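The values are calculated or read from the model by the stated rules, or taken from the named source; none is laboratory data. It should be emphasised that the depicted structure is a prediction, and the values quoted were computed from it without experimental measurement. Backbone-built Cβ (ideal geometry, glycine too); neighbour counts: all protein chains shown.
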Amino acid sequence: MYQYKGMEDTIAAIATPAGQGAIGIIRISGRDAIAVADRVLRLDGNKTLQQCPTHTVHHGWAVKSQDILDEVLVTVMRAPKSYTAENVVEICCHGGLTVLRTALQEVLNAGARLAAPGEFTKRAFLNGRMDLAQAEAVIDVINARTRASLRQSHYQLKGELSSRLKSIREELMKLYTMVEAMINFPEDAVEAESRQQISGRLKDREDELIALLRGAQTGRLLKEGMRIVLCGKPNVGKSSLLNALLKEQRAIVTDIAGTTRDVLEESAQINGIPVALVDTAGILKAANPIEEEAVKRSRLYIKSADLVLLVLDHSRPLEEEDLALMEQLKAAPALLVVNKTDLAAQMDMGVVQRMSGGHPMIKTSALDAESVRGLEAGIAEFIAKDKDLESQEPLISNIRHIQSLQEAQKNLQAACRLAAEGTSLEFISEEIKSAVNHLDAITGRNIDEDLLESIFSEFCIGK
Ligand SMILES: Nc1nc2c(ncn2[C@@H]2O[C@H](COP(=O)(O)OP(=O)(O)O)[C@@H](O)[C@H]2O)c(=O)[nH]1
Ligand SMILES: [Mg+2]
């Protein structure tokens, strides 16, 4: 098994966030974890952790020489049944920063070294407790912003993605062996028939990869959320709608056109999807350098949006600026939001309809909570279109996984084609092998040291 420099060390870190809390945990892992902990602990009844059975909890005191540092509860977990598959001790202290830092310093003085970010999880992976995709799911669980993305991260942590990949890999290895046998023992094989069979089975595996990749779009959405940009000429109610959607007064609203100068971005959740709501200035023709910059930024935001809400003012006749924006957004993912419907209608809805470019239209009033909920529902419908947000299947969301799957799929596509074309079998075998390697990169069977470094450096210390 792969080892890194320092893997033999016993490591320790504060595993809870910096700051005050009811409790804080110091986690120690490694061969000497229990001996190190015993050096800083005085447990009730004068016992040592060495004498205690695994997976038990003990009351006592953390001490520095004879001085008491804190009253603690200590959990001991012996290898291999622990998070890292090594000996692990968790010391539960009171959650003050000074208490924790002092206790950690004593643990370090007693023979442990400070853990690097993600080092506990890295060991869990290297000791075979979980594969790389599962280890990466740990960080996703911690970072999950919505319940839907948390559920997906748990699927991956439990190994659902890994077992799906494993079954595809097994089948590919069978095919690989078959092709190799045909290369090495040509006299035994009925080649034409076998080729067709192999090509069919390769295609089935490719289809499985395609299905996983299709789910990845939803997976990314659940994890990263989407950016929704409000645009429309000044005074139509963009900032009011942003505030209403956020349910707080975030953007400044006045009846003076041009109140919003800079782009404002705020996060919210719509139907369990994290969204970044962006309010733009809505100025189309700049009168000074500040406005010029505002116009430029608005344009950029509109371009990068996953959804644009084009806001129109129902209480005023359509103007050239409205039409210009509609024209500009014809091919963009957009909803037309007809605002201020609480006021008398001045807008020619027939023209709006005709110019809408087929975008759905939603009538609102920023002053009326009920109609803002209608807008939310419209946005939710747009988000959910063609996606299964409640999917019980593992949805891939990690870019590294997506790229590897795409590469594997390309290999299988080529292998199918080659098998059908009657090309030399060696080329087919090469493609299958390469597909397997790409799948192995996801689960970490194929370890690239630099890659591991970069994956685990994203973790927090103590995880
Ligand atoms: N009656 C009514 N007034 C609104 C509505 N939405 C916004 N307003 C008012 O229109 C003015 C401009 O709103 P604001 O949100 O700043 O527009 P923005 O320039 O597009 O951001 C303010 O006085 C708001 O109170 C609405 O739905 N109905
Ligand atoms: Mg505004």
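Within the stretch 237-260, residues that are not assigned by TED's automatic domain parsing to the domain that holds Glu376 reach no partner that is at pLDDT 70 or above and near ligand 1 (Cβ under 7 Å from one of its atoms) with beta carbons closer than 7 Å at six or more positions or on different chains.
Evaluate the following for Gly282: is it surrounded by 17 or more Cβ atoms within 10 Å (Cβ to Cβ), in the same structural domain as Ala380 (by TED's automatic domain parsing), near ligand 1 (Cβ under 8 Å from one of its atoms) and farther than 17 Å from Ile362 by Cβ? Criteria met by Gly282. Taken as a whole, the condition of being part of a helix (DSSP H, G or I), surrounded by fewer than 19 Cβ atoms within 10 Å (Cβ to Cβ) and either in contact (Cβ under 8 Å) with a residue 60 or more places away in the chain or in contact with a Leu (Cβ under 9 Å, 6 or more places away or on another chain) (or both) applies to Lys166. If you take the residues in the stretch 317-344 that are in contact (Cβ under 8 Å) with a residue 40 or more places away in the chain and among the charged types (D, E, K, R), which one is nearest to Leu245 (Cα to Cα)? Here the residue is Lys340. Pairing each residue of the stretch 348-359 that is in contact (Cβ under 8 Å) with a residue 40 or more places away in the chain with any residue that is β-branched (Val, Ile, Thr) and assigned to a helix (DSSP H, G or I), provided the two are 6+ apart or on different chains, yields no C-beta distance under 8 Å. Being within 16 Å of ligand 2 (Cβ to nearest atom) and of a type in the set (Lys, Arg), is that true of even one residue in the stretch 210-229? No; the residues of the stretch 210-229 include none that is within 16 Å of ligand 2 (Cβ to nearest atom) and of a type in the set (Lys, Arg). Return yes or no: is Asp313 closer than 20 Å to Gly237 by Cβ, touching a residue at least 60 places away in the same chain (Cβ under 8 Å) and either within 16 Å of ligand 2 (Cβ to nearest atom) or outside the structural domain of Leu246 (by TED's automatic domain parsing) (or both)? Yes; evaluated as a whole, the condition is true for this residue. Quick check on Leu161: is it in a helix (DSSP H, G or I) and modelled with pLDDT of 95 or more? Answer is no for this residue.
Looking for something at pLDDT below 90 and away from ligand 1 (no atom under 12 Å from the Cβ) - is there at least one such residue anywhere in the stretch 225-244? The answer is yes, given that some residue of the stretch 225-244 is at pLDDT below 90 and away from ligand 1 (no atom under 12 Å from the Cβ). Right, Glu292: within 22 Å of Ser240 (Cβ to Cβ), in the same structural domain as Met361 (by TED's automatic domain parsing) and not basic (Lys, Arg) or not? Spelling it out, it is not the case that Glu292 is within 22 Å of Ser240 (Cβ to Cβ), in the same structural domain as Met361 (by TED's automatic domain parsing) and not basic (Lys, Arg). Among the residues of the stretch 318-359, those identified as within 41 Å of the chain's Cα centre (by Cα) and surrounded by fewer than 14 Cβ atoms within 10 Å (Cβ to Cβ) are Leu323, Ala324, Glu327, Lys330, Ala331, Asp342, Gln353, Arg354, Gly358.
Here is the figure for the stretch 1-19: residues that are surrounded by fewer than 16 Cβ atoms within 10 Å (Cβ to Cβ) and under 15 Å from Thr102 (Cβ atoms) total 1.
Candidates are the residues of the stretch 230-244 that are assigned to a loop (DSSP other than H, G, I, E, B) and not β-branched (Val, Ile, Thr); the one that is surrounded by the fewest Cβ atoms within 10 Å (Cβ to Cβ) is Pro234. The C-beta contact set for the stretch 279-298 (first residue more than 17 Å from Glu319 (Cβ to Cβ), second residue within 13 Å of ligand 2 (Cβ to nearest atom) and not in a loop (DSSP other than H, G, I, E, B), distance under 6 angstrom, 6+ apart or interchain) comprises Asp279/Leu230; Asp279/Lys238; Asp279/Ser239; Asp279/Leu242; Asp279/Leu264; Thr280/Cys231; Thr280/Ser298. Of the listed requirements (1) surrounded by fewer than 16 Cβ atoms within 10 Å (Cβ to Cβ); (2) within 9 Å of ligand 1 (Cβ to nearest atom); (3) of a type in the set (Lys, Arg), Lys247 misses just one: (2).
Looking across the stretch 195-229, the residues that are more than 30 Å from Glu180 (Cα to Cα) and in a helix (DSSP H, G or I) come down to Arg214, Gly215, Ala216, Gln217, Thr218, Gly219, Arg220, Leu221, Leu222, Lys223, Glu224. With the condition kept exactly as written, say whether any residue in the stretch 61-68 is farther than 23 Å from Lys122 by Cα and within 29 Å of the chain's Cα centre (by Cα). Checking the stretch 61-68: not a single residue is farther than 23 Å from Lys122 by Cα and within 29 Å of the chain's Cα centre (by Cα). Filter the stretch 104-143 for residues that are of a type in the set (S, T, N, Q) and part of a helix (DSSP H, G or I); which is farthest from the chain's Cα centre (by Cα)? If we take residues in the stretch 104-143 being of a type in the set (S, T, N, Q) and part of a helix (DSSP H, G or I), then Asn109 is farthest from the chain's Cα centre (by Cα). When you check Ser371 against the structure, is it touching a residue at least 60 places away in the same chain (Cβ under 8 Å), assigned by TED's automatic domain parsing to the domain that holds Asp262 and under 36 Å from the mean Cα position of the chain (by Cα), yes or no? In short, no. When each of Ser315, Ser304, Ser239 is tested for being within 27 Å of the chain's Cα centre (by Cα) and of a type in the set (S, T, N, Q), the lone residue that passes is Ser304.
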